[in-house]
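The values are calculated or read from the model by the stated rules, or taken from the named source; none is laboratory data. Keep in mind that this is a model prediction, so the values were computed, not measured. In this analysis, Cβ positions are derived from the backbone assuming ideal geometry, glycine residues included, and neighbour counts consider all displayed protein chains.
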Amino acid sequence: MNYFTVLLKQSKSLSIFFLIALVFMFGALAQSSGLIGEFLDTFEDWNYLLKQNVQIVLASGFTATILGIASGILMTRPWFKRYAEVFSQSFNILSAVPTLAVLAIIMTITGIGFKSAFIGLVTVTILPVVRNTYQGISEVPDHMIEAARGQGMTDKQVLWKVQIPNALYVISAGIRTGFALNVGTSPLITLIAADSLGEYIFTGIMLNEFNSLLIGSFSIAALAIVTDFILSRLQFWLLPKGINPQRFT
């Protein structure tokens with residue numbers, strides 16, 4: 001066993017020790033500040049808002065994923081390439097618009113509530129999916145495409161059997177980024193009368209209730225971590241070794 005291996009094991013043990021200590025410290029602080037008591041008192045409301053938050057994240061996230069991949073594929077088609085740059089610049093401009101401004105614009109068109117929140121979250125999520133799909137397919141090496149065509153494959157077969165499989169890792173990275181933006185933006189939909197954990201955050205801000213603010217913030221942070229962890233595991237196990245740089249076996 002070399003020095004580096006020993007040092008790595010010691011650093012891991014030290015990290016675990018500090019993590020356990022941090023958890024105990026946070027638990028003691030939460031208990032003394034009344035955070036746990038308030039959480040238990042409002043657990044039914046929290047549970048309802050969590051379900052609503054998860055539902056709209058999943059619905060808007062999957063919708064944006066499907067639309068984003070379809071749009072990215074469309075932009076790579078030879079007959080559409082002259083419009084691809086216009087579409088790409090349009091998405092870049094849209095990504096520069098502040099999220100609150102996007103929600104406000106959508107609200108003026110579709111009103112307040114779930115519909116506006118859903119459209120707003122789809123708009124936020126779709127941008128990295130489109131960008132990564134377009135980039136992933138466009139960067140497949142020309143020699144692989146030429147080899148496929150030399151075997152008699154049609155453009156459709158080249159797309160589905162060569163380009164998309166080789167672009168899957170980049171596409172999946174875009175999906176993870178999109179869902180991260182989705183979860184991070186979801187508290188803002190409270191401002192347009194849609195149910196989410198943002199109610200805790202904005203109630204805490206308006207009424208100067210620190211515990212309410214912490215409950216909402218920690219809940220959103222935990223939801224973001226869990227969502228990204230699940231997607232990272234799916235990315236690891238579903239993508240084969242040849243196209244997944246994270247897999248060696």
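Which ranges mark the helices (runs of 4 or more DSSP H) fully within the stretch 82-176 that have 2 or more residues being in contact (Cβ under 8 Å) with a residue 60 or more places away in the chain and touching a Ser or Thr at 6+ places or on another chain (Cβ under 8 Å)? Filter on the stretch 82-176 gives 99-110, 114-138. Taking Leu127, is it aliphatic (A, V, I, L, M), modelled with pLDDT of 80 or more, surrounded by 12 or more Cβ atoms within 10 Å (Cβ to Cβ) and within 24 Å of the chain's Cα centre (by Cα)? Here the answer is yes, as Leu127 does meet what is asked. Filtered by the rule that a residue be polar (S, T, N, Q) and under 30 Å from Val97 (Cα atoms), the stretch 123-172 gives Thr123, Thr125, Asn132, Thr133, Gln135, Ser138, Ser172.
For the stretch 47-76, a residue qualifies if it is more than 30 Å from Ile215 (Cα to Cα), over 15 Å from the mean Cα position of the chain (by Cα) and without any contact (Cβ under 8 Å) to a residue 24 or more places away in the chain, and the qualifying residues are Ala70, Leu74.
In the stretch 229-249, how many residues are in a helix (DSSP H, G or I) and either within 15 Å of Pro187 (Cβ to Cβ) or in contact with a helix residue (DSSP H, G or I) (Cβ under 6 Å, 6 or more places away or on another chain) (or both)? Before you say what the answer is, go through the steps one by one.
Step one: filter the stretch 229-249 for residues in a helix (DSSP H, G or I), giving 229-238, 241-243.
Next, only the ones that are either within 15 Å of Pro187 (Cβ to Cβ) or in contact with a helix residue (DSSP H, G or I) (Cβ under 6 Å, 6 or more places away or on another chain) (or both) stay: 231, 235, 243.
Residues in the stretch 229-249 being in a helix (DSSP H, G or I) and either within 15 Å of Pro187 (Cβ to Cβ) or in contact with a helix residue (DSSP H, G or I) (Cβ under 6 Å, 6 or more places away or on another chain) (or both): 3 in total.
If you check Ser88, Ser95, Ser116, which single one turns out to be surrounded by 13 or more Cβ atoms within 10 Å (Cβ to Cβ), among the hydroxyl-bearing types (Ser, Thr, Tyr), at pLDDT below 90 and farther than 29 Å from Val162 by Cα?
Details: Ser88 fails: farther than 29 Å from Val162 by Cα; Ser116 fails: at pLDDT below 90.
It is Ser95.
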